[in-house]
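Report on the following structure.
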Amino acid sequence: MTDGTGLLTRMLQGLPHARALGLSVVSAGDGVAVLSAPYDPRLVGDPETGVIHGGVVTTLLDTCCGVAVLSAGNRPLSTATLDLRIDYMRPARPGIAVTARAECHRMTRSVAFVRATAWDADEDDPLASAAGAFMVELAARPAEGEGAA
Amino acid sequence: MSGFEPVHLLKARRDEALARLVDRVPYHAFLGVSFQRLGDELTGRLTYDDMLIGNPAIPALHGGVTGAFLEITAIVQLAWDAAWEIMESGPDGAARIAAGGFPPTPKTVDVTIDYLRSGKPRDAYARAQVTKRGRRVANVRVEAWQDERARPIAIAHGHYLLRDAR
C-alpha cells in the first residue's frame, strides 16, 4: 500500500479552484481517493431548498477521480479529464459536507478509467455516481516492463 | 399585451426577469456566470477569475468548473424557457414572473461531459440546445467555447427533470 495522502493534499492545495471550494483529501493511495467538500451557502443551486448546485458535485467528483489517478502505483505526472458521466440519484442534504470516493480501476499508457460515488451522511446512500476516462502522462521510466499496459 | 407594450418596457421587463432568475442562485455569482439574451436565446458567460484554475502548470480552467458552467447553462435555459412561457402567456403570467414566481428549478438526472481542449485563463461562453422537451424530462446539449465559436472546449448532453408547478 502506498499512501499518497500527504503528497496529494499538498498537490490539491496548489489548485486554486480546489482551494476555493475547500476540498480536502481524506485519503489517497493505490489508485483510490476519498475527498470531501464542506457545505457552503455560496454554493447553493436551489434557493428554495438550500441544496448545493450539481456543478459542485461535478467538480468534487472530477477532482476526486483525478487524485485517484495520480495516486496509482505507477505515479502519473499529470492527468486531464477526457470525459465524465455523472448520474444524480438524489439532491445533497443542505448543511452537511459531501464526500466522494474514486477508484482508478484500469490504466493504460495513455488513459485511466475511473469510477466514483458521492454521498453526504451515509456511504451506502449515494447521491451521485460517475464514470470517466482520463488522459495520463506517465514518467519516463527505465525499461522494467512493469506498470502501464 | 405584448403587441402594444412599448419595446423598451418589454425589453426591460424580460431582462429584469432573466436577471432575477439567474441572480437568485448563489453558485452563479460564486463562479462568475451571467447570461445575455437575444429574444429567448441565452448565451452564458463565465467571467475569468484566477480561482477558476484547476491546473496552474498549463494554466487551465478546472474541468469541474467547465462542467459546472455547462450544467448551469442547460438548467438556466430550461428554467428560462419555462418562465418565458408563463411570462408571455398574458398579463397574469407576466405579473407572476415579475413577482419572482418562477417554476421550480429543473434537476439534473444525468450529464455526460466531453472535454475537447483545455480551458484557457480567459472568459468562456456557452449555449444550450433543448433537443427534446418532454412532459417530465428534457434532453439538452450544451457547448462551451472561448475565443473561437468553432473550437469548443467542452460539450455536454444531459437529462433534466422538469417539475411542473402549474
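Amide H to amide H, which residues 5 or more places from A:Met89 or on other chains are under 5 Å from it, using H placed in the peptide plane?
A:Ala128, A:Ser129
Could you state the angle between the C-alpha long axis of helix B:63-87 and the longest principal axis of the C-alpha atoms of chain B, as a value from 0 to 90 degrees rounded to the nearest 10?
10
Compute the long axis of helix B:7-23 from its Cα atoms, compare it with the longest principal axis of the Cα atoms of chain B, and write down the angle in degrees, 0 to 90, nearest 10.
Taking the Cα atoms of chain B, the angle to B:7-23 is about 50 degrees.
Skipping prolines and chain starts, which residues have an amide H placed within reach, meaning under 5 Å, of the one on B:Lys120, given they are 5 or more residues away or on another chain?
Hits under the 5 Å cutoff: B:Leu61.
For every helix of n ≥ 4 consecutive DSSP H residues, a contribution of -39,500 (n - 2.57) applies; sum these over chain A, divide by its total residues, and give [θ] at 222 nm rounded to the nearest 500 deg cm²/dmol.
Using -39500 (n - 2.57) per qualifying helix, the result is -6500 deg cm²/dmol.
Enumerate the amide H contacts of A:Val111 below 5 Å, restricted to partners 5 or more residues apart or on another chain; note that Pro and chain-start residues carry no placed amide H.
Counting only residues 5 or more places away or on other chains, the set is A:Val136.
Provide the buried accessible surface between chains A and B in square angstrom, both chains summed, 1.4 Å probe, rounded to the nearest 100. If you can, show how the numbers build up before the last one.
Values: alone 7810 and 9150 Å², together 14430 Å².
Result for this pair: about 2500 Å² buried.
At a 1.4 Å probe, what is the % contribution of carbon and sulfur to the accessible area of chain A?
The C+S portion of the solvent-accessible surface of chain A is 53 percent.
Express the relative contact order of the stretch B:7-161 as a whole percentage, based on alpha carbon pairs under 8 Å and six or more residues apart in sequence.
23
From largest to smallest, what semi-axes in whole angstrom does the stretch B:9-166 give when each is the square root of 5 times an eigenvalue of its alpha carbon gyration tensor?
Each semi-axis is the square root of five times an eigenvalue, giving 28, 17, 13 Å.
For the stretch A:5-137, what relative contact order do you get, as a whole percent, if you take Cα pairs closer than 8 Å and at least 6 residues apart?
Numbers: 309 pairs, mean separation 31.9, N = 133.
Computed over the stretch A:5-137, the figure is 24 percent.
Taking the solvent-accessible surface of protein heavy atoms with a 1.4 Å probe, what is the per residue accessible area of the stretch B:7-161 in Å²?
Details: 6920 Å² over 155 residues.
Ligands and nucleic acids excluded, the result is 45 Å² per residue.
Based solely on its DSSP helices, what 222 nm [θ] is calculated for chain B when runs of n ≥ 4 H residues each add -39,500 (n - 2.57) and the sum is averaged over all residues, nearest 500 deg cm²/dmol?
Computed mean residue ellipticity for chain B: -11000 deg cm²/dmol.
Could I have the simple spin-label model distance between B:Asp49 and B:Arg133, label points 7 Å from Cα toward Cβ, reported in nm to one decimal?
Taking the two extended label points, one gets 3.1 nm.
Give, as a single signed number, the net charge of other residues whose beta carbon lies under 11 Å from the beta carbon of A:Glu103, with Lys and Arg counted +1 and Asp and Glu -1. Intermediate results must be reported in sequence, preceding the final value.
Details: positive: A:Arg101, A:Arg106, A:Arg115; negative: A:Asp30.
Once positives and negatives cancel, what remains is +2.
When the solvent-accessible surface of protein heavy atoms is calculated with a 1.4 angstrom probe, in what order do A:Cys64, A:Cys104 fall, highest first?
Reading off the accessible areas and sorting them downward yields A:Cys104, A:Cys64.
Can you pull the mean other chain C-beta count within 10 Å for peptide A:16-26?
Across the residues of A:16-26, the mean count of other-chain Cβ atoms within 10 Å is 4.
Just to verify a number: what accessible area does A:His105 come out at with the full protein assembly present, 1.4 Å probe, Å² rounded to tens?
Here the residue's solvent-accessible area equals roughly 80 Å².
Once the Cα atoms of helix A:54-70 and of chain A are each reduced to a long axis, what angle between those two axes, in degrees from 0 to 90 to the nearest 10, is obtained?
20
The values are calculated or read from the model by the stated rules, or taken from the named source; none is laboratory data. Remember, predicted model here, so these are calculated numbers, not experimental data. When we count neighbours, we look across all protein chains shown, and the Cβ atoms used for this are built from the backbone with ideal geometry, even at glycine. What goes into the accessible areas is simple: the full protein's heavy atoms, side chains included, and nothing from ligands, DNA or RNA. Shrake-Rupley method; radii C 1.70, N 1.55, O 1.52, S 1.80 Å.
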